[in-house]
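The next block holds one structure in the form of structure tokens; read it before the comments.
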Amino acid sequence: MIQINIKDIFPKDGVYESILGSTGVLNNLSPIGIIREGDNISAKIYRNTLTYSNISKIPKCSIHITDNPRIFYNSLFGNINYTIKNALPIINDESIYEIIFAKCIKLNNDNPSIFLLDPYSIEIGSNVHRGFSRGYSLLIDALVHFTRLDILPNKEVLKLLNIINYELKTSKRLSPDMEDIIRDLENKIVSKGYKLE
């Protein structure tokens, strides 16, 4: 059996996209951001969701690590095939790299509430994969758009700047380890005479 640390899956502090399985009221699989801060992982879950109702009743979850957009889409719209393992719904698909089984410990009564996720078992695919960082993906997309600032007509550039601005702000929030290069990119954009909000 391969021994892994949660840091192998979530290598830096930030938010990683996953599919969270829960049960209690009804079996459910939903896209949820997993937050790594130091040695802990947690999730913010809104009270008016089935996920919240489920883990309030049975405080356990299955966390699926994948970067397959089809899995996110199908789980969002309730069109995902699953089985039950460890009394929780799990997705049987080759694009699920790891499944982390965790206790869900409610830390506050805010909306969204923060739940500390305490892993008690991890199932690994053929190789350990890192969690999917939307912050990283948005930053890469912003870099692609940056390369177009000097070649597109002004009207198109204004549209791109709105997209870049959103992507950089979101990347900074979701992937704080990238803040230095995000600031550098913002400075490069401003030095070209463009304005970011």
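Brief remarks on what is shown
- Gain on full extension, evaluated as 0.36 nm per residue between ARG134 and SER53 minus their Cα-Cα distance, stands at 26.6 nm.
- 0 to 90° range, to nearest 10: angle between helix 179-191 axis and the chain longest Cα axis: 30 degrees
- Given R0 = 22 Å, the distance between the Cβ atoms of ARG148 and LEU196 translates into a calculated FRET efficiency of 0.90.
- Here the relative contact order of region 130-182, from alpha carbon pairs under 8 Å that lie six or more residues apart, stands at 49 percent.
- Relative contact order (%) - the chain, alpha-carbon pairs under 8 angstrom, separation at least six: 21 percent
- What the Cβ-Cβ distance of LYS106 and LYS159 gives, at R0 = 30 Å and to the nearest 0.05, is a FRET efficiency of 0.10.
- Kirkwood-Stokes translational diffusion coefficient of the chain, alpha-carbon pairs, 25 °C, 0.890 mPa s, µm²/s: 135 µm²/s
- Amide hydrogen neighbours beyond the local backbone of THR49, cut-off 5 Å, H modeled: none
- Between region 125-181 and region 88-124, the Cα center-to-center distance that results, in Å: 27 Å
- Look at the dipole of the chain built from charges on Cβ: of VAL190, ASN5, ASN108, the Cα furthest out on the positive end belongs to ASN108.
- Look at the dipole of the chain built from charges on Cβ: of PHE77, GLY38, PRO89, the Cα furthest out on the positive end belongs to PHE77.
- For region 1-78, the relative contact order comes to 33 percent (Cα pairs under 8 Å, sequence separation of at least 6).
- Distance cut-off 20 Å, percentage of C-alpha pairs in region 55-116 lying past it: 36 percent
- About its Cα centre, the dipole of the chain is roughly 520 debye, where the only charges are +1 on Lys and Arg Cβ and -1 on Asp and Glu Cβ.
- Computed from Cα positions, the angle between helix 154-174 and the longest principal axis of the chain comes to roughly 40 degrees.
- Working note: Karplus 6.51/-1.76/1.60 with θ = phi - 60° gives region 20-35 the couplings 9, x, 8, 8, x, 9, 9, 4, 8, 10, 9, x, 9, x, 9, 9 Hz, where Gly and Pro are set to x.
- For the pair ILE114 and ASN187, the difference between a 0.36 nm per residue extended length and the Cα-Cα distance amounts to 22.8 nm.
The numbers here are math on the coordinates, done by the rules we state, and not lab data. All values reported here derive from a predicted model rather than from experimental measurement. Ideal geometry is used to build each Cβ from the backbone, glycine not excepted, and the neighbour counts take in all protein chains shown.
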